[in-house]
1. Name every residue in region 21-55 that is in a helix (DSSP H, G or I), modelled with pLDDT of 90 or more and within 14 Å of R69 (Cβ to Cβ), in order of residue number.
2. Only one of (1) outside the structural domain of Q27 (by TED's automatic domain parsing); (2) over 19 Å from F149 (Cβ atoms) is not met by R99, so which one is it?
3. Taking the stated definitions as given, is K114 in the same structural domain as F135 (by TED's automatic domain parsing) and among the basic types (K, R)?
4. So if I check each of P64, P88, which one is modelled with pLDDT of 90 or more and of a type outside the set (A, V, I, L, M)?
5. Residue check, L63 against (1) surrounded by fewer than 19 Cβ atoms within 10 Å (Cβ to Cβ); (2) in a loop (DSSP other than H, G, I, E, B), all met but one. Which one?
Amino acid sequence: MSVDLNVHGFLHPPISYRAFRCLPPVQEMAFDKLDLRSFKVHGISGVDLLDMTEDEMIVRLLLPRHKVRKLRALQRAVALFDRIATLPRQGRLSEMELRLFLASQGCGSLEVEKVVRLFRSLVRTDGKGLDFATFWDFVVSYDWIAQAFRIYSIAA
């Protein structure tokens, strides 16, 4: 059964999520019921999820390393999304916010254009330029975004 992320998912960074709201999107990240049991038992909220260290995830959530790596990537994606976003806990990034972030990182106009074009090709966007990328689309594409930033020597 697929989780409708428009209803249940990480529409916004999960910092304010209560424990029950974290389960559907984590399940969407290929976590099974056995993995989710420890989330339920410990009442893991969005704040807990974002603040946990790798060792805490292994010990407290009893997760194998490959699943811990997925959660750590989520933490990094949330941190980068928050650095790019102009308002806390917003659910979407605009193209202008990305351009401003890149300029603040010292990118020239040519580099900004290249990164924005690359971003458009890697991340599902609305195509209208209004709501450039949703939070969840950003998270799903984080590995590609981080790679693009490494190519252009942008601190991610």
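The values are calculated or read from the model by the stated rules, or taken from the named source; none is laboratory data. Only a predicted model underlies this, so the values are computations on that prediction, with no experimental measurement involved. In this analysis, Cβ positions are derived from the backbone assuming ideal geometry, glycine residues included, and neighbour counts consider all displayed protein chains.
1. E54, D55
2. Every condition holds for R99 apart from (2).
3. Numbers: in the same structural domain as F135 (by TED's automatic domain parsing): yes; among the basic types (K, R): yes.
Yes; evaluated as a whole, the condition is true for this residue.
4. Values: P88 fails: modelled with pLDDT of 90 or more.
The match here is P64.
5. Here L63 meets the rest and fails (1).
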